[in-house]
Amino acid sequence: MKAVLALLLLLVSALAAPVFSNAASAAATAADTFSDPAMEARARNLQRQFRCLVCAGENVDESGSPFSADVRRLIREQIAAGQSDAQVQDFLVARYGDVILMKPPVQPDTWLLWLAPFLVLGAGGAVAWVVVKKAAARSA
């Protein structure tokens, strides 16, 4: 009976944890808003252009990580200080590197990043071709 109660308690706490963490991140996001709708739209647009370095493939606007909250705060501080979108981007790239951009530029130090999917696809095709050729040679 105690084991069933412990399992039930564990299940309830596991289900409740995401609800509380999402509520906390939503509250943190709601507190950091501009009263001017144009500035808020600009901030949200900029937040979508930067990658959360903690999360897998999320932008800082979507992410609930502490890192993303810090980046959102930095973006809003830069906007409030009168910086342009390009200046905000330059500031964050200088601080974190091109990896923070959701669309990093194509330049010599990012070629591998841009070419990696094609290299992996080519390597997989080469392995499949070798396997098929060996199987055909065995059957002949």
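FYI, it's all coordinate maths here, none of it is from the lab. Keep in mind the model is a prediction, meaning the values are calculated, not measured. When we count neighbours, we look across all protein chains shown, and the Cβ atoms used for this are built from the backbone with ideal geometry, even at glycine.
Values as computed for the structure displayed
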item: Mean separation of Cα contacts under 8 Å (6+ apart) over length of the range 41-122, as relative contact order %; result: 26
item: Two-site label geometry, Trp111 and Ala56: point separation in nm, points 7 Å out along Cα→Cβ; result: 2.9
item: Globularity ratio of the range 32-104, using Cα Rg and 2.2 N^0.38 Å; result: 1.00
